[in-house]
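**Q** Below: one structure in structure tokens.
Every read-out reported here was derived from the displayed coordinates using simple, explicitly stated rules and does not represent laboratory data. Remember, it's a predicted structure, so these values are computed and weren't measured experimentally. Cβ atoms come from the backbone with ideal geometry, glycine included; neighbour counts cover every protein chain shown.
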Amino acid sequence: MSATRRDRRRIAAVALEAGDLDAAAERLRTLTDQGHQVVLLWCRGEPGHGLRSFRARVPVRARRPRTPRELAGRLRRPAPAAWFRDRGPLARALRADPRARRTLDGVDAVVPVGPQARRLFERTGAAPVPVLPLEELEERGGEPAVWATLHRRSRAGGARLDADLAREVLAQLPPGGRGIPPRRQALLVPLVVALHGTGEYALAARLAGWLDADPAHAPHAAVHRALRTLVELSRTGEPAADLDDTVRAVLARADDALGADVDDVPEEVVRATTLALQLLFHRELHADGLGSPLVADPETFLAGWRASRVGQLLAAPVPRLPPHPRTAAVRPAADGNRASRVVVAPGSYPQFATPVVQELTRRADVRVLDLRAKDQLRGLGTRGELVAARLRQAVGQPWVPDYELLEELEAADALFVDWADRGSVAAVMSAPTGVRVTLRIHSMDALSPWIHLLDWTRVDVLVLVSEHLRRVVEALLGDRLAGTQVRVVGNVLDPARIPTGKTPGHRRTLLMVGWAQRVKDPVWALEVLALLRQEDPTWRLVLVGVDFPESTVASQQDYARAFRRRLADDDVRGAVSFVGWTRDLAPHLAAAGFVLSTSRRESFGLALVEGAASGAVPVVRDWPIFAPLGGARSLFPDDWVVASVEEAAARVAALAEEPAWSAASAQARAVVRERFAAGATREELAGLVLGQ
């Protein structure tokens, strides 16, 4: 049991060698787990990693008196006589270090560690306070100290639930796979959640295996089962066969914990709901495979979520409070003498909002709030804090996601939110009554959990960047969009990036911009290059953009390795050039005769359209995830789109010579001018945001 504030003591652990303290770390930790402060004193070496949490440290060093006054002070307060009778190195060091002596005078007890310390403090009068034998501390702790540490850190918010602690816990688990009691399983859950959140999937899986998922044994079996399934999905990239059953079970647990009178949201509801969303919208299911159940069969895939109480609660309109009196004072009625005030939340990928901001600035008073600086509002991954906030708002509890955002919105006429990410939920939750809200969805955000947590009755206009993306979102949200105007407006081109001519050699150069992700599938591009080089070895491929990032996701690691192996094969070796990230795309567009889009999923393909605008002949894979909805074919002419590597190579080969290449190049430029005119797109978007 932890010590009360009155019972807490300051205890000195004294040793000659720091290694002796290292060996006693677990026993000393029982004292800190009970609420006491432990001060380490030692003469030789340095304490190891196992003592990193012991911050109070006094290395014992011989210190000569520097002034007559300091010498007089030592003479007035001499060391205990027992220290002079002991001729060992520890006693000599303590006698010569007044700081160590003061420390020992100020503690409530001393724990001698190691043979030298035990011999010294066994002498009568060696310590001015009680001496605690180290051997007795195990009995005082009651259980291995690591469990108390885990409990304490979990209650403190989980910031220090890390891999080091996980390894300590694993070392204390019983051999032979025997079960552990429910109270310890409850402590494992937040540790597994924290490890999963930091990408420590292997460690998380080892610990999750100790969670009892049998409903006959464990009251929290549904949560344990969901957590084990989530960790394995992240670790291996392979969905479990019983994924739907697991999701339904954990949602049932959330519904049960919600209670009959929905006026509060217990932590169990938040945890279970978060797990359900993490499983349903896991990137391995939707981001970069060859299909997604959210596209192929959303009705079946989301049936359990839509039938659950928490799913229905989050889909219902949020009760609106009247505007705060301060809002009316801050935001006077718009008239012809005052420019509309627009707040822009550019989202996790702010480069897409830049042209819109430029156009809005010509017409309105614009404030840009970059929510990426706040970790809980950046990105698409499921975060429990935001799920909790949205659930509590749904039951009528007030919640302020960000006071800076709220203050700006109280003075705004309109809000433009780019990307349906975590920040979009916070922005829509904060938008006061009377503020016009426009939200734009780009691609992966359509397959994320956040569109299902948004209160769509507060969104006036939904903008999609392509027709097939509109079909996806409408199938996912259905009647929830009944009061929202839905428009398709493509991405905005930057004419300054587009060159007007071509450089020599362009008709044997393939270009791909933004390549190093599994979803972009650059191996597909290498296969096209290999087929072309069978007939003409002068063909080259230029890849523009950063290399594969470091990733803890198994499927991403496997794909990066597969790409590098394919790159080393004889049929493409030496024929691929890497440019790296660049702001100046123009010279690479000018050097390319063909531009490739080999992605598994795209909503618009801005880099491809920029390539076509430069006169590069487009070759577009029929993006597999969106192929059932007509994806690429609904955006581009049918002859641009190919269904296989062989079709792609055949299209390139057929148009590689004159006059065929020039005709195809001119057609590409004309299509871009007709379908994706930059000026018209900017004006349409700005008009939707302003309600003009």
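**Q** From Cα pairs below 8 angstrom and at least 6 apart in sequence, can you work out the relative contact order of the chain, rounded to a whole percent?
**A** Numbers: 1175 pairs, mean separation 62.8, N = 692.
The normalised contact order for the chain reaches 9 percent.
**Q** Additional query: Can you run the Rg to Rh ratio on segment 495-675? Use alpha carbon positions and the Kirkwood inverse-distance Rh. Numbers along the way, then the final one.
**A** Working: Rg = 15.3 Å, Rh = 16.3 Å.
On the Cα set of segment 495-675, Rg over Rh gives 0.94.
**Q** Okay, next question. Need one number: convex hull volume per residue for segment 145-299, Cα atoms only, in Å³. Don't skip to the end; give the middle numbers.
**A** Working: hull volume 21.1 nm³, N = 155.
It is 136 Å³ per residue.
**Q** Helix-only mean residue ellipticity at 222 nm, the chain, DSSP H runs n ≥ 4 weighted -39,500 (n - 2.57), per residue, nearest 500. What is it? Before the final figure, lay out each step's value.
**A** Working: 35 runs with 315 residues, N = 692.
Helix contribution divided over all residues of the chain: -13000 deg cm²/dmol.
**Q** Between Asp494 and Val395, how many nm apart are label points set 7 Å from Cα along the C-beta direction?
**A** Distance between label points: 4.7 nm.
**Q** Arranged by the count of other C-beta atoms within 10 angstrom, fewest first, what order do Lys502, Lys374 take?
**A** Values: Lys502 20, Lys374 15.
With the fewest neighbours first, Lys502, Lys374 line up as Lys374, Lys502.
**Q** What full-extension length gain, to one decimal in nm, is calculated for Arg183 and Arg87 as 0.36 nm per residue of separation minus the Cα-Cα distance? Write out the running numbers ahead of the final one.
**A** Numbers: separation 96, 0.36 × 96 = 34.56 nm, distance 4.97 nm.
Difference between extended and current length: 29.6 nm.
**Q** Could you tell me what a quarter of the Cα convex hull surface of segment 75-137 works out to, in nm² with one decimal place?
**A** Values: hull surface 17.0 nm².
The number I arrive at for segment 75-137 is 4.3 nm².
**Q** OK, next. For the Cα atoms of the chain, what angle does the longest principal axis make with the long axis of helix 243-258, in degrees from 0 to 90, nearest 10?
**A** Compared with the principal axis, the helix lies near 60 degrees.
**Q** Please report the net charge: other residues with Cβ closer than 11 Å to the Cβ of Gln37, K and R +1, D and E -1. Each step should come with its number before you reach the end.
**A** Values: positive: Arg8, Arg9, Arg10, Arg55; negative: Asp108.
That works out to +3.
**Q** Next question, about the same structure. Compute the distance in nm between two label points, each set 7 Å from the Cα along the Cα-to-Cβ direction, one at Gln376 and one at Glu136.
**A** Simple spin-label model gives 4.6 nm for this pair.
**Q** Choose one of Ser599, Val579, Leu510: the residue whose Cα lies farthest towards the positive end of the charge dipole of segment 495-675 (beta-carbon charges +1 Lys, Arg; -1 Asp, Glu; about the Cα centre).
**A** Of the candidates, Val579 comes out farthest on the positive side.
**Q** Could you tell me which of Leu211, Gly490, Leu302 has its Cα farthest along the dipole of the chain towards the positive end, charges placed at Cβ (Lys, Arg +1; Asp, Glu -1), taken about the Cα centre?
**A** Projecting each Cα onto the dipole axis, the largest value belongs to Leu211.
**Q** If you don't mind, another one. The list (i) 104, 67, 63; (ii) 84, 65, 45; (iii) 95, 75, 60 gives values of Cα extents along the principal axes in Å, and only one came from this structure; which label was calculated from it?
**A** (i)
**Q** Here's something else I'd like to know. Measure nothing but the geometry: give the 0 to 90° angle between the long axis through the Cα atoms of 384-394 and the longest principal axis through the Cα atoms of the chain, rounded to 10°.
**A** Result, in degrees: 70.
**Q** If each residue's Cβ is checked for other Cβ atoms within 10 Å, how do Arg228, Arg363 rank with the fewest at the top? Each step should come with its number before you reach the end.
**A** Working: Arg228 21, Arg363 16.
Listing Arg228, Arg363 from fewest to most nearby Cβ atoms yields Arg363, Arg228.
**Q** Which parts of segment 612-636 would a label at Arg669 reach, counting a residue when its backbone N lies under 17 Å from a point 7 Å out along Cα-to-Cβ?
**A** Backbone N within reach: 612-618.
**Q** In addition: Between 0 and 90 degrees, rounded to the nearest ten: what's the tilt of helix 467-477 against the longest Cα principal axis of the chain?
**A** Approximately 50 degrees, to the nearest 10.
**Q** Now, a different point. Can you put His151, His282, His588 in order, fewest other beta carbons within 10 Å first?
**A** Details: His151 17, His282 20, His588 23.
Least to most surrounded, the residues fall as His151, His282, His588.
**Q** Roughly how big is the chain's charge dipole about its Cα centre, with Cβ charges of +1 (Lys, Arg) and -1 (Asp, Glu), in debye to the nearest 20? Please report the intermediate quantities before stating the final value.
**A** On the way: 93 positive and 84 negative charges, 868 e Å.
Dipole about the Cα centre, nearest 20: 4160 debye.
**Q** Over the residues of segment 454-574, compute the C-alpha Rg and express it relative to 2.2 N^0.38 Å. Kindly include the intermediate steps, with their values, before the conclusion.
**A** Working: Rg = 20.5 Å, N = 121, 2.2 N^0.38 = 13.6 Å.
Dividing the Cα radius of gyration by 2.2 N^0.38 Å gives 1.51.
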